1. Just a yes or no: is a residue in segment 73-92 under 30 Å from LEU180 (Cβ atoms) and modelled with pLDDT under 95?
2. I'd like to know if segment 97-113 contains one or more residues that are more than 19 Å from the chain's Cα centre (by Cα), within 22 Å of ASP62 (Cα to Cα), crowded, with 18+ Cβ neighbours inside 10 Å and modelled with pLDDT of 95 or more.
3. Could you say whether any residue in segment 159-180 is free of Cβ contacts under 8 Å to residues at least 24 places away in the same chain, basic (Lys, Arg) and outside any loop (DSSP other than H, G, I, E, B)?
4. Quick check on segment 51-96: of everything there that is in a helix (DSSP H, G or I), surrounded by 18 or more Cβ atoms within 10 Å (Cβ to Cβ) and not acidic (Asp, Glu), which residue is farthest from the chain's Cα centre (by Cα)?
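The values are calculated or read from the model by the stated rules, or taken from the named source; none is laboratory data. Keep in mind the model is a prediction, meaning the values are calculated, not measured. Glycine gets a Cβ as well: all are built from the backbone with ideal geometry, and neighbour counts include every protein chain shown.
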Amino acid sequence: MKRILFIVLVSLLSCKNETAKVEKDSAAVVEEDVVNLNAQSEIDLRIYDYDGLEPLINKSDDNVHVVNFWATWCAPCVKELPYFETINEKYADQNVEVLLVSLDFPRNYDSKLKPFMIKHGLKSEVVAFDDVDQNRWIPAINENWTGALPATIIYKGDKRNFYEQSFTLEELETELQQFLTP
């Protein structure tokens, strides 16, 4: 009988300690979620249809523009994003501007896109693209584009190249160099 009481007492004490640990862990998760929600609400995500996006992908200035079409659900897109971030940082003083155009679904902006931007610390400009008329905007962006992701435009002035592929950093820099050399 003493043995049974001892086992029950030990079980109750260990449950109490485990409960306290679970409550502490739950509080940490709730606190982390609140921090993430606050950070997400601070993200100014601009959303464009094609008419709004068009001026951003057809600028006529002296900068080299690198425009990447991507989505958080596209594994090759996610894999190459760090390369665009490297280009953004490494070539900023050479008048290179990187624009990341997310084709994530609008219902996922708050639940997936914004948390992704925070988690990966994206420094390049990110905009969301929401236009259901694919038959209009896909050929307007490039007549040979199938609509597959990732896709990238690099342009400066009248020179413009379109790539329906994923890049390594070396490949992306090689393509960029064509626009940096006079």
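1. Taking segment 73-92 and keeping what is under 30 Å from LEU180 (Cβ atoms), we get 74-92.
Retained after the next criterion (residues that are modelled with pLDDT under 95): 92.
Yes, because at least one residue in segment 73-92 is under 30 Å from LEU180 (Cβ atoms) and modelled with pLDDT under 95.
2. Within segment 97-113, the first condition is being more than 19 Å from the chain's Cα centre (by Cα), and the residues that meet it are none.
No, segment 97-113 contains no residue that is more than 19 Å from the chain's Cα centre (by Cα), within 22 Å of ASP62 (Cα to Cα), crowded, with 18+ Cβ neighbours inside 10 Å and modelled with pLDDT of 95 or more.
3. For segment 159-180, residues free of Cβ contacts under 8 Å to residues at least 24 places away in the same chain, basic (Lys, Arg) and outside any loop (DSSP other than H, G, I, E, B): present.
4. Looking at the filtered set, the residue picked out is LEU53.
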